[in-house]
1. Under a plain spin-label model, where a point goes 7 Å from the Cα along Cα-to-Cβ, how far apart in nm are Glu145 and Lys102?
2. Which of these, Thr114, Thr68, Thr13, has the largest mean-square fluctuation under a Gaussian network model of the chain (Cα springs below 10 Å)?
3. Under a plain spin-label model, where a point goes 7 Å from the Cα along Cα-to-Cβ, how far apart in nm are Glu55 and Ser90?
4. For the range 26-129, build the charge dipole from Cβ charges (+1 Lys, Arg; -1 Asp, Glu) around the Cα centre, then report which of Gly128, Ser80, Ala59 sits farthest towards its positive end.
5. Relative to the Cα centre, what is the charge dipole magnitude of the chain, using +1 at the beta carbon of each Lys and Arg, -1 at the beta carbon of each Asp and Glu, and rounding to the nearest 20 debye?
6. Take the Cβ-Cβ distance between Thr13 and Ala138 as r, set R0 to 25 Å, and report the resulting FRET efficiency rounded to the nearest 0.05.
7. Enter the per residue convex hull volume of the chain, computed from alpha-carbon coordinates, in Å³ rounded to the nearest integer.
8. Longest segment of the chain with no chymotrypsin sites (Phe, Trp or Tyr not before Pro) in a DSSP loop having at most 12 other Cβ atoms within 10 Å?
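We did not get these values from a lab; they are worked out from the coordinates using the rules stated. Since the structure is predicted, the reported quantities are computational estimates derived from the model, not experimental observations. Note: ideal-geometry Cβ built from the backbone for every residue, glycine included; neighbour counts use all protein chains shown.
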Amino acid sequence: MCLKEAADVDWPTKEYRLRFLGPLPHLLLCLDVVHTATMKQKKQVKKELRVAKHEKLEALDKHLTQLTDAVKQIFKMQQSLGPTAALHRSCDLMLLKGEVSKAVQLLRNLPFKTPEGLTQHIERAYKGIVQPRVFVQASAPKKPELNLEFE
């Protein structure tokens, strides 16, 4: 989907295009998978609420509220980071970094355990978009001292 949208945009900078086509799809995948998992969790909690005893009702209600808030936040992130979002039309790298940071923070603080294998995609998106690149320059081999004494 990002590739289709990228063809229609005239990218002013190469950096933004590389982030849009590289690490951003990983984050969008994570948001989609987590949205589905959150909806499953919410459905399961609603099912448990119907048969729960009064001792457990308050805890389940609190968990359901957390899941509902998570669904709303995930949906908001999907809208703001999706391939057709207005954020990408401006090609502002700082805005993208801010939104990605919020999304990664949300994904790391979910009220349930994230599905397997998602951590790699989250880290790839974070490292590719938010973390500054560190270039390590190889040190030149040490040259021997020049012998200036003539005998």
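1. It works out to 6.2 nm between the two label points.
2. Among Thr114, Thr68, Thr13, the largest mean-square fluctuation in the Gaussian network model of the chain belongs to Thr13.
3. Computed distance between label sites Glu55 and Ser90 equals 5.3 nm.
4. Ala59
5. Working: 25 positive and 17 negative charges, 189 e Å.
Here the chain has a charge dipole of around 900 debye.
6. Details: r = 28 Å, r/R0 = 1.12.
After rounding, the FRET efficiency stands at 0.35.
7. Values: hull volume 28.4 nm³, N = 151.
So the per-residue hull volume is 188 Å³.
8. Values: sites that count: Phe135, Phe150.
Of all site-free stretches, the longest is 1-134.
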